[in-house]
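Single-structure report; data block below.
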Amino acid sequence: MSFLIAPLTIACISGVLAALIALIDKVVNNYGECKIDINEGTKVETVNGGDHLLSLLSTKGIFLPSACGGKGSCGACKCQVTTDVGPHLPTETPYLTKEEMADNVRLACQIKVKSDLSIHIPEELFNVKQFNATVLSIKDLTYDIKEVVFDLGEESITFHSGMYVQIVVPPYAKVKGSTQRAYSMSSRPLDHNKVELLIRLVPGGIATTYVHENLKEGDKMGLIGPFGDFRRSSTDSIMLCVAGGSGMAPFKSILHDMIDSNVTNRDVWYFFGARSLRDMFYMDEMRALEKENSWFHFVPALSEPMEEDNWTGETGLITDVLDRFIKDSIGVEKDLEGYLCGSPGMINACNNVMTNNGIPIEKIYYDSFA
Amino acid sequence: MTPDINPFVLFFASIFTSNILLANFLGMCSFISISKDIKSSNGLGLAVTVVLTLTSVINWAILNYLLIPMELLYLRYIVFIIVIAATVQILEMVIDRVSPALYMSLGIFLPLITVNCAILGVALFVEIRHYDLLQTLFYGLGSGLGWWLAIMALAAIQKKLQKSPVPAGLEGPGITLITIGFMAMAFVGFSGMLIVQ
């Protein structure tokens, strides 16, 4: 019996302390009912104070973007708080610029609601909903990228091409809490009842491991969205799109949207970089689109083609291919716009190539996988 | 056996002659990293003092009324750490409610007190030196004030150092460690007054 005494003692002490913390939390953190005034009276929500602004807003069906699910590590849940809630916390400052701090922009996941608050959020966030989606199909595009199509049932989503949704990953295996991660939608905006995502397996990644190893057709999954301001501009400049891997998602959506909306007045050059042929996907679909639409030009390039690939297309880093095409085939004198989707390193490298070829930085739009 | 030391003597000894930082070199990491700014040092010093006083007394009670009678002394490390973590969490909630301004100014430093080895060190000193409750209370409070005094002194010196010419290779942690060495030597000067073991 003696071997039981030590764990029992620890369990008792921990239990007493946990109960004490819970009791004090209940008494001390009871701030009563608080009102959250959103956009100068557009909406006024009454909540029980003591919790963080992000989670209290979500209980009222108002979802701010939050790729990390409220852990203060993505910096996405920014909103302007016009009531004084104290100085910026050390956990907020790395994600805010000086201008944002002067403008009282805060991270909603770090602000506790203790009294009545007034906040400002973009109006389009009122359209953000939480969907209880069903997995319609899962398809292997490459050895590490899956195409997952969700059915929204009777609900419908209204978005513009380039936007993203957050998937809500339930606790599984050793992952104790629920996790949220953001993925660009590759589906057509006209398709209001479906959401298609391209998800690449990140070794050790909580969400991607769940999708690749646990998710099956017919499973339910929470989706929150749509979010994001990455979108096709309304000019008629030539679009230079660059992506690799699952960065294809927003461009697939943008292309189909242009075809669906009959936008044919601007050329689109799509540079798709991969290491070898095993990393390439949607090749037949892209080539078919190129054939059917004279304004669309698809340029796949391999940086390390293998012998068995028998690759006859472009080779080299996608930045070098882009540089070559701007100079030789497209023309630096043309009115060009850059659209990038990928890792911060790839975006920086493409930014350099584009600005060196005379594209102003404010005409380069990007969606970073940071 | 409880040593025959007046609690007030223990109080002053723990501040000066047996300073937990400069004589025992405990709690060095937060001491070095936070001492760049006087305001944060002050807040952290206050929080460490409160946590040290509370946890040394609570841990003394658990040790003497639970672990020793039940012959579970080998559990003291884990029990002390659990108590310290819980005390810091409770303190965090209370400060947030009572003084939001202080809570904001302490920011991330407050939860970090949980892993400050000076707190665990004091609990263990109390155990090996067999202090009674009053001695523990004064030793805990004195050690906290000693830590506070040391971090404020270093923060003040660092403020002066910011405008002083420092050889390039010694800037930052180098000159800080040398300064701490000098401070420790200066505190040795108090040792003629009292010695507590």
Where in the stretch A:187-201 does the amide nitrogen come within less than 17 Å of the point 7 Å from the Cα of residue A:134, taken along Cα to Cβ?
A:192-196
1/(1 + (r/R0)^6) with r = Cβ-Cβ of residue A:202 and residue A:172, R0 = 22 Å, i.e. FRET efficiency to nearest 0.05, evaluates to 0.90
Size of charge dipole - the stretch A:1-62 - debye, nearest 20, with Cβ of Lys, Arg +1 and Asp, Glu -1, no other charges
160
Charge tally in the Cβ shell below 15 Å around residue A:216, where Lys, Arg are +1 and Asp, Glu are -1, residue A:216 excluded
-3
Could you report the protein assembly as shown's accessible area per residue, 1.4 Å probe, as an integer in Å²?
48
Residue A:43: which aspartates and glutamates have alpha carbons under 20 Å from its alpha carbon, excluding same-chain residues fewer than 8 sequence positions away?
A:33, A:51, A:84, A:116, A:123, A:124
Could you identify which residue out of B:72, B:120, B:22 has the top mean-square fluctuation in a GNM of chain B using Cα springs shorter than 10 Å?
B:72
Whichever lysines have a C-alpha closer than 20 Å to that of residue A:327, once near sequence neighbours (fewer than 8 apart) are set aside:
A:363
Go ahead and run the numbers for FRET between residue A:91 and residue B:32, Cβ-Cβ distance against an R0 of 35 Å, rounding to 0.05.
0.95
Averaging 1/r across every pair of distinct alpha carbons in the stretch A:195-325 and inverting yields a Kirkwood hydrodynamic radius, in angstrom, of 16.7
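Between residue A:80 and residue B:108, take the C-beta separation as r, use R0 = 25 Å, and let me know the FRET efficiency to the nearest 0.05. All intermediate terms of the calculation are to be shown ahead of the outcome.
Values: r = 24 Å, r/R0 = 0.95.
Between residue A:80 and residue B:108 the formula returns 0.60.
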Residue farthest toward the positive end of the dipole of the protein assembly as shown, with Cβ of Lys/Arg at +1 and Asp/Glu at -1: which of B:119, A:351, A:24?
B:119
Principal axis dimensions, largest first and in whole angstrom, of the stretch A:122-243 by Cα:
49, 31, 24
Cα atoms only: what Rg and Dmax, in Å, come out for the stretch B:11-63?
12.5, 37
Straight-line reach from residue B:163: which lysines fall under 23 Å, measuring Cα to Cα and dropping same-chain residues less than 8 apart?
B:36, B:39
Restricting to Cα pairs under 8 Å and 6 or more apart, the percent relative contact order of chain A works out to 12
About its Cα centre, the stretch B:21-141 carries a charge dipole, from +1 on Lys and Arg Cβ atoms and -1 on Asp and Glu Cβ atoms, whose size in debye to the nearest 20 is 200
Just to be sure I understand: with springs between alpha-carbon atoms less than 10 Å apart, which residue in B:164, B:14, B:40 has the highest mean-square fluctuation in the Gaussian network model of chain B?
B:164
Quick one: which of A:26/A:176; A:71/A:174; A:71/A:112; A:129/A:174 span more than 21 angstrom between C-alpha atoms?
A:26/A:176; A:129/A:174
Charge dipole magnitude, Cβ of K and R +1, D and E -1 - the protein assembly as shown, Cα centre, debye nearest 20
1960
Tally Lys/Arg at +1 and Asp/Glu at -1 over every other residue whose Cβ is under 9 Å from the Cβ of residue B:60; what's the total?
-2
The stretch A:91-181: radius of gyration over Cα atoms, expressed as a fraction of 2.2 N^0.38 Å
1.48
Residue span residue A:60 to residue A:264: 0.36 nm per residue of separation minus Cα-Cα distance leaves a gain in nm of 69.3 nm
Of the heavy-atom accessible surface of the protein assembly as shown (probe 1.4 angstrom), what whole percent is carbon and sulfur?
58
Ordered by number, the residues of the stretch A:1-22 with at least 50 Å² less accessible area in the assembly than alone (1.4 Å probe) are A:9, A:10, A:13, A:17, A:21
For chain A, what is the convex hull volume of its Cα atoms per residue in Å³?
194
Here, residue A:11 and residue A:356, labelled 7 Å along Cα→Cβ, have an inter-label distance in nm of 6.6
For the residue pair residue B:71 and residue A:20, what label-to-label distance in nm results when each label sits 7 Å from Cα along the Cα-to-beta-carbon direction?
2.8
Please list the non-local residues whose amide H lies under 5 Å from the amide H of residue A:43, H modeled 1.01 Å from N, same-chain partners needing a gap of 5 or more.
A:38
I'm checking a number: the convex hull volume of the Cα atoms of the stretch B:59-185, normalised per residue, in Å³. What is it?
149
Along the charge dipole of chain B, Cβ charges K/R +1 and D/E -1, which of B:188, B:154, B:45 sits furthest on the positive end?
B:154
Quick one: Cα centre-to-centre distance for the stretch A:158-190 and the stretch A:63-120, in angstrom?
22
Could you report the buried accessible area between B and A, both sides summed, computed with a 1.4 Å probe and given in Å² to the nearest 100?
1800
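The values are calculated or read from the model by the stated rules, or taken from the named source; none is laboratory data. These numbers come from a predicted model, not from an experiment. Here Cβ is always computed from backbone atoms with ideal geometry, including for glycine, and neighbour counts include all displayed protein chains. Ligands, DNA and RNA are excluded from the accessible area calculation, which covers all protein heavy atoms including side chains. Shrake-Rupley method; radii C 1.70, N 1.55, O 1.52, S 1.80 Å.
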